[in-house]
1. Run the dipole for segment 71-387 about the Cα centre, Lys and Arg Cβ at +1, Asp and Glu Cβ at -1, nothing else charged, and hand back the magnitude in debye, nearest 20.
2. Please find the FRET efficiency linking residue 325 to residue 545, where r is the Cβ-Cβ separation and R0 is fixed at 45 Å, and quote it to the nearest 0.05.
3. If packing is taken as the average count of other Cβ atoms within 10 Å, what order do 429-439, 302-312, 250-260 fall into, highest mean first?
4. Count charges around residue 588 for me, please; just the other residues with Cβ under 12 Å from its Cβ, Lys/Arg as +1, Asp/Glu as -1.
5. For residue 520 and residue 499, FRET efficiency with R0 = 35 Å and r from the beta-carbon atoms, rounded to 0.05?
6. What number in nm² do you get for segment 485-535 if you take the convex hull of its Cα atoms and divide its surface by four?
7. Do the alpha carbons of any pairs in 456/512; 79/289; 157/281; 185/281 sit beyond 23 Å of each other, and which pairs?
8. Starting from the Cα of residue 618, draw a straight line to each of the aspartates and glutamates and keep only those under 20 Å, dropping any in the same chain fewer than 8 residues away.
Amino acid sequence: MAHRRRRGRRKRQQDESFTCLVFKVGCCVLGVGWIILQFVVLCTSNSDGGGSWSIATQSTIKKAGDSLNFPTFQLDRRKAEMDAYGITSQILARHTTTINANTSTSFHDEALRLRDQLTTLYGGENTARYLIHSGVSTFQPSTDFAIETRYDKILKKYDLQNIPIGLRHTAARLLDARNNNVPFKVSFGGYSVTAGRGNYFHQSYPFVLERLITQPMKLLGIELQVRNAAIGGVPSFPYGWCLNNFLGEDADVVSWDFSMNEAGGVADGLEAYLRHTIAMKKQPMLIVKDTSASIAGERRELLQNYVDDGTIKDPIVLSIEDAMQSFLSLSEDILPTGFHEWRKFGAPKESPGQTSHHPGVKEHELIGWLLAMHFLAALELVSFILSLEEYDGKQIPTTTNRNSLPSPIHGSAVSPNLHSLFYGHETRTFRDDGSASWKLNSVHCRTTYDPILTNKLQDIVVGGSVGEDLDIMLPKGAQMYNSGWVLDMGESEKKAKRTLERFGGLSFVDSKKAYYGIRASGPLELFVPCDGREDIAQQMLGPQLSLPASTCFRTLVVCEVNEKHVTGQECNLDTDLSFNIGGIPVERVHPINATGTQYWGRNICISIDVPAESTLSKRHQKVDEGKLDVGLSVGISVTNIGITYRSGPCSISHFVWEQAQ
């Protein structure tokens, strides 16, 4: 009996083992099938019929018991093929056998590391690429230009002519820097946002870009130099007349960040600024740091027009407002680390500038990443070109005819006598499309603002000033103001500087100092050189004793510090000053009322017509007493007796002149 019971138990155990085995195998099959299905769903590109695809993120994040999927974005297929993630596969898919065997893989390893880091920070490749596509706008001409350069022909040979013209042009700039063994210079202009207010200066997005992209450039033999010359609280002009001073005459890339002062997307100021960048030595790439496309559409249309006619090749607009709407509404618990503490500033709490319109440190980091990825895509193309045996390293054209600008689209509100100073003038020559060519006259600037590289206003002050050698933060009393124009700062600027000093200065370098004067200060005397006109200098060195000032000078501009005046008795440049130009008193000056030259609704610049009777003069150079400079003597005096040291003196921060051709 016991034996039969044992046999029965063994029989049941065998039956149960077989049943369990079937059940386990079935579960495994179902589990594997489910995993495969999820993998296919997550990783397969899903065409929407409109040239878009999606790359799913890698995790499902739960909060408070509810399953919340992090967003998956539809990506434009064309953009995805040419971004920092896609361009390498586009090149290698066609040309794995053409790459020079000696090409180092170090650059590609570094590029991969950067892409992986971005992917991790922002929650997956899909999110990272969505941020790149929505945060950086590029421009493709509506009509393809004929392939002309040797560089374009190389790309065509390898079936890469479909790479956007802007990316190709930026790559050509990088190649030129490498071939000429000179640094690739990226200079940022703008105001407090770009300067990094609320954070440390080194945390601003220009230096985030520098930290990210220096090594991959170095691995391709390119030295990177980044300069942040943004100044808190300035409009786009007179800054735009002083680009060589602030950004350097040989900059490869420059930027515009004045949207807060030019609200509503108006494009007049940007167009004038753009035309002055085209007049620079290298016709640098322009980065426009702007607001949402729905607000600033007019400025984007402006850039598209200039790209369409071939005047510029590779501008970009940098704006993350639209992209961030998809993330800022989400709880931080489900956001990737790149979005954590989005509004936290990098400087100590209560540091100056920690206001709602200034980005926190994480926003600066994202902006820097977006710029880095744009340049990384261009560097991928550079790496490919360098690997080709037929690449000879010769000069690649990266500039157009700066004397053949199109007719300006905006600026109708600018007075006719100032139009050439902002936008240039029409010439008697014609462009390829038959329209009249425009050109800018030579515009020169001297300023007291920092940071500048060259041409200080102090260099052309020849009399009537005091205090240049004193610490700018020291108090300057009425007695000093009675002795001459004082190189000083306004009270509001000094207060801001003192507040910064409580936090160690936060490493900021910008400064809005100026020459300040009252009636008792007497005249501030300038000698304004006739720059680059050796023909005029030769005439003046001969028997010709004098020449009309109009031989060299067309328009003069004087600007004051853009600052808030607390007394309500502020100086007005157009009514409280007198000017002597080339020995002739000026009867009338003109306030410049134009987009980009106002601050807090106040005109900060005036224009001065050069009197017909004014003459040029000669003066020994400050640096080399043996040489003579030819130029224009200028005297500036305060005439209003009500302008005192206590009420607030007049200030001179910029002297700008347009030379006759």
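1. It works out to roughly 660 debye.
2. My answer for the efficiency is 0.10.
3. 250-260, 302-312, 429-439
4. My count for the surroundings of residue 588 gives -3.
5. Given R0 = 35 Å and the Cβ-Cβ separation, E is 0.65.
6. 5.9 nm²
7. 157/281
8. 459, 525, 531, 534, 535, 629, 658
FYI, it's all coordinate maths here, none of it is from the lab. Predicted, not measured: the structure shown is a model, and the values here were computed from it. FYI the Cβ positions are ideal-geometry reconstructions off the backbone, even for glycines, and counts take in every protein chain you see.
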